[in-house]
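Derivation of every value follows stated rules applied to the coordinates shown; laboratory data play no part. Just so it is clear, the structure is predicted and the values come from calculations on it, not from any experiment. Here Cβ is always computed from backbone atoms with ideal geometry, including for glycine, and neighbour counts include all displayed protein chains.
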Amino acid sequence: MSANTARLQRFWLGIGFVCVLLLAIACAQAEIAIPPFKKHVTDLTATLSAQELAQLEQKLTAFEKAKGSQIALLIVPTTRPEAIEQYSMRVVESWKPGRKSVDDGILLLIAKDDRALRIEVGYGLEGAVPDAKAKRIVAEIMTPQFKQGHFAAGIHAGADALIGLIKGEPLPLPSAKHSSGSRFDADSFVSLLVLSLVLGRMLQVFLGRLIGSGVVGIGLGLIGWMFFSSVAMAAVVAVAAFVLNLFLNANPGIYRGGHHRWPDQGYRGGGLGGGGGFGGFGGGGASGRW
Amino acid sequence: MRSALIIVVIVFASMIGGCGYNTLQATDEQIKASWAEVLNQYKRRADLIPNLINTVKGFAAQEKEVLLGVTNARARVGGIQAIPELINDPEAFAKFQNAQGQLSGALSRLLAVAENYPELKSNANFRDLQAQLEGTENRIAVARNRYIKAVQEYNTEVRSFPGNLTAMLFGYQTKPSFTVENEQEISTAPKVDFGAPVPAEN
């Protein structure tokens, strides 16, 4: 009898738990999802015609090629239940427009049904586009056009104004590397090689010099493949790791100093620090309504 | 013999990594950095205020009470030393937070009053200042949010196994986070006055 009630209790508890879980998932999904960052212009409301989209895309791409700064445009129907500032912060934290440590990205966010827009300015452009100027672009250039339903014109004018402001800012020149498809990341290459030395040292103790180096070479090749998603890069990493281990690592004197350090730990510590992957944002910019 | 030593060293090093010591260090540094950003943005707001008050004075000098409220709130904020060590003292942290909350309240009253002065509202200088203030408030919100996240990460590490053992060993304690800044102001309904004889209760 009591065992039965206990089982029943557990059953209801389980049901309750599942309900809470479902509710939590539902709540989490209530926030508007962030679309993937594929192009400069993302229109989820079909406000802009294909031609207008292409024109804007071309303008922003050309500007990125010339100056390096990235201006992204996102048009969503609504940002509710969040305020436009909160949603826009989530978008830039996910998209990270702008270059690494230059932080020269701008997000132009339009919530059409909320009749609200926001210019979110990256750290590196807060000097070129201070809040007051962003506010003027919103209030004096863009919203008057939006009020009359001229969305494309308003966006073009706003983008032109932003481009004009950023042009005057001394920024590092755009690098050819950035625009090409596969990026060579020197940091991860070096840290992979250091990792290989450490692993190699361990494996060589167990397996002997040649086999140990071979295993490390193959392993690093696989990791490199995942890292760079290119077979050629993986092969380079594998050969480099093999050679390095065979000839360099065989000398046990390397670690005699005792300053041994896990390379991936140092890497993780660095990655946590603020700005993140590419463009960093701190909430600068201005919002407006029409 | 030497290879055995190396293995021992490697195993030990990986154990240090595994017991959460490095995570504690990293999250602790992250808290410090995000707290510095919070202070930075509060400072930025405080720096805007003299200019704002002067501009408003030019058009609405008769609003003495509101202007004085902002000045006093700013003085109170300035009276609390905004040192980074604040995050290790929950009491001082609460005091600081309270003072900043009062300043937020005084500022929003000032902006609300400014709505009654069309000349002030259309003044370019005032509009720029208002945009800057809005931007700064938003930056404060972002910085606070990031601080809350950093504290959460750190506190989780300090309180969960095996980080709690490491934290105990090295004397790391949980850190205070932000609560709602102006509880009193939120619990009292704002007075809405459209200038029409409409009861504006709740």
(message) Using a 10 Å cut-off around each Cβ of peptide A:129-139, what is the average number of partner chain Cβ atoms that fall inside?
(response) 4
(request) Could you compute the FRET efficiency for B:Phe161 and B:Gln25, with r as their C-beta to C-beta distance and R0 at 22 Å, rounded to 0.05? (result) 0.75
(request) Would you mind pulling out the separation of the Cα centroids of the range B:76-103 and the range A:99-122, in Å? (result) 32
(message) Could you derive backbone 3J(HN,Hα) for the range B:137-142 from the dihedral phi with the Karplus parameters 6.51, -1.76 and 1.60 (θ = phi - 60°), listing whole Hz in sequence and x where the residue is Gly or Pro?
(response) 4, 5, 5, 4, 4, 5
(message) Inside 10 Å of the C-beta atoms of B:137-146, what's the mean count of C-beta atoms belonging to other chains?
(response) 5
(request) Filter the cross-link list B:Lys95/B:Lys149; A:Lys39/A:Lys65; A:Lys39/A:Lys135; A:Lys100/A:Lys133; A:Lys59/A:Lys100; A:Lys39/A:Lys96 down to pairs whose alpha-carbon distance in this structure exceeds 18 Å. (result) B:Lys95/B:Lys149; A:Lys39/A:Lys135; A:Lys100/A:Lys133; A:Lys59/A:Lys100
(request) Per residue of the range B:109-119, in order, report the coupling 6.51 cos²θ - 1.76 cosθ + 1.60 (Karplus, θ = phi - 60°) as ³J(HN,Hα) in whole Hz, putting x for Gly and Pro. (result) 5, 4, 5, 5, 5, 4, 4, 7, 10, x, 5
(request) Among B:Met168, A:Met233, A:Met226, A:Met89, rank each residue by its count of other Cβ atoms within 10 Å, from fewest to most, as a rough exposure measure. (result) A:Met226, B:Met168, A:Met233, A:Met89
(request) Would you order A:Lys135, B:Lys57 from fewest to most other beta-carbon atoms within 10 Å of each residue's own beta-carbon? (result) B:Lys57, A:Lys135
(message) Testing the spin-label approximation: label points 7 Å from Cα along Cα→Cβ at A:Lys39 and B:Ala61. State their distance in nm.
(response) 5.8
(request) When a/c is below 1.5 the answer is rounded, else prolate if a/b is larger than b/c, else oblate, so apply that to the range A:60-161 with a ≥ b ≥ c taken from the square roots of the Cα gyration tensor eigenvalues. (result) oblate
(message) Once you place label points 7 Å from the Cα toward the Cβ at B:Ala75 and B:Lys43, how far apart are they in nm?
(response) 2.3
(request) Let me know the mean shielding of B:21-34 by other chains, meaning the per-residue number of their Cβ atoms within 10 Å of its Cβ. (result) 2
(request) Provide the FRET efficiency to the nearest 0.05 for the A:Ile15-A:Gln86 pair, computing r from the beta carbons and using R0 = 22 Å. (result) 0.05
